[in-house]
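Just so you know, all these numbers are worked out from the coordinates, no wet-lab data involved. None of these values were measured; they are calculated from a predicted model. Backbone-built Cβ (ideal geometry, glycine too); neighbour counts: all protein chains shown.
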Amino acid sequence: MIVNDIAAKIRSAERFTIAGAPEGVDALVLAQRALAEGILHVARDDARMAELAELVEFFAPGLDIITVPAWDCLPYDRTSPALRVMAERLAALNALQAKAKGPQLLVTTENAATQRQGGETFALNSAPSATRSSIDA
């Protein structure tokens with residue numbers, strides 16, 4: 001009965017809240033809603049983002065899931081972000097600007113959603129010259 005109620009809410013366009021549900025129900029709801037239309041989900045942290053993306057992949061194997069992690073350093077910090085984080089963020093931005101082949105689910109975190117991201121000219125100007133010449137070619 002509960003699953004039927006959730007399925008009916010998913011099909012409707014109205015906003016709804018799911019509370020007290022077992023672990024994984026949120027991933028099922030996101031998967032079904034994202035298959036119907038593209039959707040953005042903001043997770044509380046990187047661990048929850050990764051777990052949610054994995055669960056959604058289980059419920060909707062054909063869905064294009066794009067994850068945007070938060071920077072792992074503070075603004076104006078002396079250390080740079082990890083190469084893994086920079087690569088994941090750039091891969092996500094590349095996937096977002098490419099033409100979608102089907103429905104997409106964008107999963108990010110609260111911190112990533114509020115952090116500034118450089119534009120196209122920033123990415124082209126800050127890329128190494130070998131990369132820049134291959135982009136321009």
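Considering Ala87, Ala34, Ala53, which residue is without any contact (Cβ under 8 Å) to a residue 12 or more places away in the chain and either more than 12 Å from Leu105 (Cβ to Cβ) or touching a strand residue (DSSP E or B) at 6+ places or on another chain (Cβ under 6 Å) (or both)? Quick ask: steps written out before the conclusion?
Working: Ala34 fails: without any contact (Cβ under 8 Å) to a residue 12 or more places away in the chain; Ala53 fails: without any contact (Cβ under 8 Å) to a residue 12 or more places away in the chain.
The conditions single out Ala87.
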With criteria (1) over 25 Å from Val85 (Cβ atoms); (2) under 16 Å from the mean Cα position of the chain (by Cα); (3) surrounded by 11 or more Cβ atoms within 10 Å (Cβ to Cβ); (4) not charged (D, E, K, R), Leu30 comes up short on (1)
